[in-house]
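A.B. asks: Let me give you the structure first, and then I'll get to my questions.
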Amino acid sequence: MPELRVGDQRLQVAQQTNLLDALLGGAVAVPYSCRAGSCHACLVRCVAGEPLDLRPEALAADKRAEGWRLACQCQVVGDLQVEPFDPQRDGLAAKVVALDWPSPQVLRLRLQPGRPLRYRPGQHLLLWHDQGVARPYSLASVPGEDDWLEFHIDCRMPGAFADAARRLQVGDALRLGELRGGALHYDPDWQARPLWLLAAGTGLAPLYGVLREALRQEHQGAIRLLHVAHEPADHYLASELQALAAQHANLQVELVTAAQLPAALAELRLVSRQTLALLCGHPVTVDSFARRLYMAGLPRSQMLADVFLTRA
């Protein structure tokens, strides 16, 4: 049986055991969320030996070269020594500079990193609480326009990070983990093309950043933003979006509830084959968006989507 070493701990594991399961079974504190290779909460560094990596493409080449692997996507096939990601050693310090509740269920969190962080709207960042819990959240801020990193945290349902986030106060410290680029972004080459932004819940966060980046770059095409929420009170950025629409004649904002969504989707009509659609939110809702857009004539190659996966 292969030997798995973590610090001074030695574990005997069966061949092809999932690395994350082996670590958790040995009481090694490794956070995880999606188990699909998307959230990157379960990063470990291989010190000696090499696991069988079932999704090598899920990590950037430079991270892999440094020995990092996603424990949830690896199998133990030989003797292996790993170090779990240590936020104190491997992360970037950040301080809470502001927080508020734009709706009863959404916490708007603003952080100041210990050093400048280069990012682009639409990316997501792994946040570490000092209790040892971690979760990725999309950036809602815009570099060069905001002096902070902004995140929108859905606190409707219990969760280790959301529960800890409810207790945060200005001045508290967090650690920042891996910065990743998802599918959502704004390309200056899109200047004249119609842009549709369809968001569910806090899937609005990255699209709010992309929208403001597009407007900052004086996007010339029509922009249509649709936000679906459970109830009208859950449209947590309604005032900000309406203010932007009042300032920009090419921006149309639609706020609908979950009950109104089927009718709103049925009314979508493609006005240009050049339209680009950016979709974000729960997988079921994103799939509804994509199916309706495809039926309306939009090729899937012109849809960019990020889904918010929950813990498996």
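A.B. asks: List the pairs whose first member sits in the stretch 1-28 and is assigned by the TED database to the domain that holds LEU70, whose second member is of a type in the set (Phe, Trp, Tyr) and surrounded by 12 or more Cβ atoms within 10 Å (Cβ to Cβ), and whose Cβ atoms are under 9 Å apart, counting only residues at least 6 apart or on separate chains?
C.D. replies: Within 9 Å, the pairs are LEU20/TYR32; LEU24/TYR32.
A.B. asks: Select from the stretch 11-34 the residues that are within 18 Å of LEU179 (Cα to Cα) and not aromatic (Phe, Trp, Tyr) and write down the one among them that is surrounded by the most Cβ atoms within 10 Å (Cβ to Cβ).
C.D. replies: Applying the filter and picking the extreme gives SER33.
A.B. asks: Would you be able to say whether some residue in the stretch 237-244 is closer than 23 Å to GLU150 by Cα, surrounded by 22 or more Cβ atoms within 10 Å (Cβ to Cβ) and in contact (Cβ under 8 Å) with a residue 24 or more places away in the chain?
C.D. replies: Scanning the stretch 237-244, I find at least one residue that is closer than 23 Å to GLU150 by Cα, surrounded by 22 or more Cβ atoms within 10 Å (Cβ to Cβ) and in contact (Cβ under 8 Å) with a residue 24 or more places away in the chain, so the answer is yes.
A.B. asks: So in the stretch 256-274, with the set limited to residues that are closer than 21 Å to LEU241 by Cα and open to solvent by less than 70 Å² (accessible area, probe 1.4 Å), which one is modelled with the lowest pLDDT?
C.D. replies: The selected residue is LEU268.
A.B. asks: If you don't mind, there's one more thing I want to ask. Hey, could you check the stretch 40-56 for residues that are part of a loop (DSSP other than H, G, I, E, B) and under 23 Å from the mean Cα position of the chain (by Cα) and say which is surrounded by the most Cβ atoms within 10 Å (Cβ to Cβ)?
C.D. replies: Per the criteria, the residue is ALA41.
A.B. asks: From PRO102, PRO121, PRO116, which residue is touching a residue at least 40 places away in the same chain (Cβ under 8 Å) and either over 18 Å from the mean Cα position of the chain (by Cα) or in a strand (DSSP E or B) (or both)?
C.D. replies: It is PRO102.
A.B. asks: Okay, moving on. How many of the residues in the stretch 171-197 are more than 21 Å from LEU109 (Cα to Cα), part of a strand (DSSP E or B) and either open to solvent by 20 Å² or more (accessible area, probe 1.4 Å) or of a type in the set (A, V, I, L, M) (or both)?
C.D. replies: 2
A.B. asks: Under the condition of being under 16 Å from the mean Cα position of the chain (by Cα) and assigned to a strand (DSSP E or B), which residue from the stretch 198-235 is surrounded by the most Cβ atoms within 10 Å (Cβ to Cβ)?
C.D. replies: Looking at residues that are under 16 Å from the mean Cα position of the chain (by Cα) and assigned to a strand (DSSP E or B), I get LEU198.
A.B. asks: For the stretch 236-276, which residues satisfy the criterion of being of a type in the set (S, T, N, Q) and assigned to a loop (DSSP other than H, G, I, E, B)?
C.D. replies: Once the filter is applied, which keeps residues that are of a type in the set (S, T, N, Q) and assigned to a loop (DSSP other than H, G, I, E, B), the stretch 236-276 yields ASN250, GLN260, SER272, GLN274, THR275.
A.B. asks: Now a separate question. Would you check if there is a residue in the stretch 57-64 being assigned by the TED database to the domain that holds ALA14 and open to solvent by less than 30 Å² (accessible area, probe 1.4 Å)?
C.D. replies: yes
The values are calculated or read from the model by the stated rules, or taken from the named source; none is laboratory data. These figures come from a predicted structure and were not determined experimentally. All Cβ positions, glycine included, derive from the backbone under ideal geometry; neighbour counts span all protein chains shown. Side chains included, ligands, DNA and RNA excluded: accessible areas come from the protein's heavy atoms. Shrake-Rupley method; radii C 1.70, N 1.55, O 1.52, S 1.80 Å.
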